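The structure appears right after this line, and notes come after that.
The values are calculated or read from the model by the stated rules, or taken from the named source; none is laboratory data. Only a predicted model underlies this, so the values are computations on that prediction, with no experimental measurement involved. We place every Cβ from the backbone using ideal geometry, glycine too, and count neighbours over all the protein chains shown.
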């Protein structure tokens, strides 16, 4: 199949400026409903990449996300949430965005067009063949991402990709491509919408599955989460009470704070 840039095709909806607020919201929602269906079709692709990433990380490797614009920001969000949620070290899952930290909140002109910079940014982290690098690009054509994946391949580093166009250049550069084809955006070309939602869902699926495979979840609980606020301390205390049958809330809370995680506190009583 020839490459089609479906993400840039004209919206199914016309004259958006003439719609009422209610019409706009209902139509956006109608389009959003199609995203999980598109993700479901890609599960076999997601499975292969998640299994490989988990295997590499169990052997001491790291997981990298690299992208530009919305795609890069989504990777950074997913990576940054792994340590507090699962208690893994910062630096185990790493998000890299074209244009650096400034690009997280502001557009950096033409940063995504530099085909050499992606690999240079990865080199700052001493990336190696122990690691997995996932390129994120809604269009599948971002030079910054494609260049990084191509250089990784030359060095025997496992690569994956997440895009929203079929048979895209970024898929060709990846060992484990994931293509979630969500169709034209509600606002033509605004890939922060359905494409961004699809990428966010896939990133959640990959990181959550990998963390479970790494033993960071017991039953259905985040037993290794960091206790960074009162809400999480309360949640952890109740989890510990359930897990150990401690009936005294304050006793469980103090034990939790002493050991720093539900798992460590529960293990201390074993």
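Residues in region 128-177 that are over 24 Å from residue 4 (Cα atoms) and not in a strand (DSSP E or B): 128, 129, 130, 131, 151, 152, 153, 154, 155, 156, 157.
Checking 60, 99, 91 one by one, the residue that is more than 17 Å from the chain's Cα centre (by Cα), closer than 20 Å to residue 216 by Cα and surrounded by fewer than 24 Cβ atoms within 10 Å (Cβ to Cβ) is 60 and no other.
Among the residues examined, residue 239 does not qualify as surrounded by 13 or more Cβ atoms within 10 Å (Cβ to Cβ), outside the structural domain of residue 52 (by TED's automatic domain parsing) and in contact (Cβ under 8 Å) with a residue 40 or more places away in the chain. Scanning region 209-234 for residues that are part of a helix (DSSP H, G or I) and touching a helix residue (DSSP H, G or I) at 6+ places or on another chain (Cβ under 9 Å) gives 209, 210, 211, 212, 213, 232, 233, 234.
Yes or no: region 109-122 includes at least one residue that is buried (at least 23 other Cβ atoms within 10 Å of the Cβ), in a loop (DSSP other than H, G, I, E, B) and in contact with a strand residue (DSSP E or B) (Cβ under 9 Å, 6 or more places away or on another chain). No; the residues of region 109-122 include none that is buried (at least 23 other Cβ atoms within 10 Å of the Cβ), in a loop (DSSP other than H, G, I, E, B) and in contact with a strand residue (DSSP E or B) (Cβ under 9 Å, 6 or more places away or on another chain).
Answer yes or no as to whether residue 200 is part of a helix (DSSP H, G or I), without any contact (Cβ under 8 Å) to a residue 12 or more places away in the chain and under 23 Å from residue 79 (Cα atoms). No, not satisfied. Considering region 236-269, and only residues there that are more than 30 Å from the chain's Cα centre (by Cα) and not in a helix (DSSP H, G or I), the residue that is nearest to residue 86 (Cα to Cα) turns out to be 268.
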